[in-house]
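Here, each number is a calculation from the coordinates, and none is a lab measurement. The model shown is predicted, which means the values in this text are computed figures rather than measured ones. Note that we place each Cβ from the backbone using ideal geometry, even for glycine, and neighbour counts take in every protein chain shown.
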Amino acid sequence: MRALSESRVCIIGTGLMGTSLALALRGKVRHLHGIDPDPSAAPHFDTFSNALHSLYDADVIVLAAPIRAILTILPQVGALAAAGALITDLGSVKAPIVAAMNQLPPRVQAVGGHPMCGKELSGAAAADAALYRGCTYVLCAAERTSRAALAFMEELVHAIGAQPLQLDAATHDQAVAHISHLPYLLSIALTLSVAEAEDERLWQLASSGFRDTSRLASSDVTMMGDVVTSNRAALSSALERCVAQLRHLQALLASEDDSALRAALEKARQARQAWLLYRERRST
């Protein structure tokens, strides 16, 4: 494989994640090519097209689209890619994508990818060159992934300021169901509970607490709809565990056992503080 600095990178899907990746890679690769029906991100790329066949000379092909779109175009990308090209993606559910990567032609390499970052905003207008900085970037090998391909992806991840973490697809999907996909559903549930109360005063009183907790409900529905339906089993298990916690808190409220309730609140506070400390140590 070519060195990162000599690589021609093609990014298919130039919304928030794809365009942010292009901005983060600018000056670190030989050429950036974007493919998307929407040309609004074109100024952020060296060349731009709306046709898949324009990827033919790319050394690295990044699929930065919703999961269903990735699964649809992967066979086409594999057929069009040059021999020796590396195909990767940014999808947040890995098992179905890695399974599809296993069916790609032997002349190409593939590595599943998921950067643990993002925004509730979508589109190229929300792109940020620093979006990936400091985030964990999961890499999932396919059946034929070479050590060279993984080493190249680790170099790319470091180049955009992220930290690579190799996981198998099943382990990844179980983990993100709890810490990424479940928060989205909880944000949806909170927002719907307020909306369906049909009380205008709730919206008038809502402030920073509601804003922060409901933030993810503003996420792109096409993208997140694909995510939750592509990770049903793991997400259902995570949701059951969370519902059990909510029922426990409900029982504590009903029992009027203030000491037990406060103990549960303190346990959660300490767990979150430990996580924040862990993140701080990792960033230094």
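Tabulated results
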{"read-out": "Percentage relative contact order, the stretch 14-78, counting C-alpha pairs under 8 Å, at least six apart", "value": "29"}
{"read-out": "Candidates 34, 134, 209, ranked by Gaussian network fluctuation over the chain, Cα under 10 Å, top entry", "value": "209"}
{"read-out": "Likely footprinting exposure, 192, 86, fewest C-beta neighbours within 10 Å first", "value": "192, 86"}
{"read-out": "Segment residue 198-residue 271, length gained on full extension (0.36 nm per residue, minus Cα span)", "value": "22.8 nm"}
{"read-out": "FRET efficiency for residue 251 and residue 133, using Cβ-Cβ distance with R0 set to 45 Å, rounded to 0.05", "value": "0.60"}
{"read-out": "Options [x] 1.02; [y] 1.15; [z] 1.07 - which one matches Rg/Rh (Cα atoms, Kirkwood Rh) as calculated here", "value": "[x]"}
{"read-out": "Unmatched cysteines, the chain - criterion: no other Cβ of a Cys under 4.7 angstrom", "value": "10, 140, 242"}
{"read-out": "Gaussian network model of the chain, springs between alpha carbon atoms under 10 Å - residue of 54, 193, 92 with greatest fluctuation", "value": "193"}
{"read-out": "Trypsin sites (Lys or Arg not before Pro) within the stretch 113-148: DSSP coil, no more than 14 neighbouring Cβ in 10 Å", "value": "133, 144"}
{"read-out": "Net length gained if the chain between residue 79 and residue 232 were fully extended (0.36 nm per residue, minus Cα distance)", "value": "52.1 nm"}
{"read-out": "0 to 90° range, to nearest 10: angle between helix 147-159 axis and the chain longest Cα axis", "value": "60"}
{"read-out": "Radius of gyration, Dmax [the stretch 109-250; alpha carbons; angstrom]", "value": "18.1, 59"}
{"read-out": "For 246, 235, 80, order by how many other beta-carbon atoms lie within 10 Å, fewest first", "value": "246, 80, 235"}
{"read-out": "Over the chain, relative contact order from alpha-carbon pairs under 8 Å, at least 6 apart, %", "value": "16"}
{"read-out": "Among 169, 177, 274, residue whose mean-square fluctuation peaks in a GNM of the chain (springs only between Cα atoms under 10 Å)", "value": "274"}
{"read-out": "Neighbour-count order for 33, 158, fewest beta carbons within 10 angstrom listed first", "value": "158, 33"}
{"read-out": "Equivalent ellipsoid semi-axes, the stretch 1-130, via Cα gyration tensor eigenvalues times 5, rooted, Å", "value": "21, 17, 13"}
{"read-out": "Computed FRET value (nearest 0.05) for residue 258 with residue 280, which takes r as the C-beta separation and R₀ as 35 Å", "value": "0.60"}
{"read-out": "Net dipole in debye of the chain [+1 Lys, Arg Cβ; -1 Asp, Glu Cβ; about Cα centre; nearest 20]", "value": "780"}
